[in-house]
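Below you'll find the structure, written out as structure tokens, and then a few comments.
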Amino acid sequence: MSAALSHWYKNQRDRLKLSTAAMGRKIKVDPSLVTHIEKGRRLPSPRHLQSFLDLINASADERTIAWALLAQADAERAEQRTIRPQAEAA
């Protein structure tokens, strides 16, 4: 997954001085999901990202950046899925 999304996400949480547990409670997800997103293991769902953006009171520019980073990360993940089966067949 895009390191840019993970880094941005963590920086925003840190800016609010929230723990992963507190963030999870506020956006109604398991705190482990917050950790997985920050470590690049998972992507946030569109609903989760929207809740996160609302929580941090994101500006229009920040929202645009966040959605672009999610789209980039999703495209990278799709590309990896396409490349991996080809590499295994070789």
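Just so you know, all these numbers are worked out from the coordinates, no wet-lab data involved. What you see is a predicted model; the values in this text were computed from it and never measured. When we count neighbours, we look across all protein chains shown, and the Cβ atoms used for this are built from the backbone with ideal geometry, even at glycine.
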Quiz item: In segment 31-53, what residues are surrounded by 14 or more Cβ atoms within 10 Å (Cβ to Cβ) and in a loop (DSSP other than H, G, I, E, B)?
Solution: 40, 42, 43, 44
Exercise. Please identify the pairs in which a residue from segment 54-81 that is exposed (fewer than 12 other Cβ atoms within 10 Å of the Cβ) has its Cβ atom under 8 Å from the Cβ atom of a residue that is assigned to a helix (DSSP H, G or I), counting only partners at least 6 apart or on another chain.
Key: none
Quiz item: Which of the residues belonging to segment 1-30 are surrounded by fewer than 17 Cβ atoms within 10 Å (Cβ to Cβ), of a type in the set (A, V, I, L, M, F, W, C) and not in a helix (DSSP H, G or I)?
Solution: 16
Quiz item: Within segment 54-79, how many residues turn out to be of a type in the set (Val, Ile, Thr) and part of a helix (DSSP H, G or I)?
Solution: 2
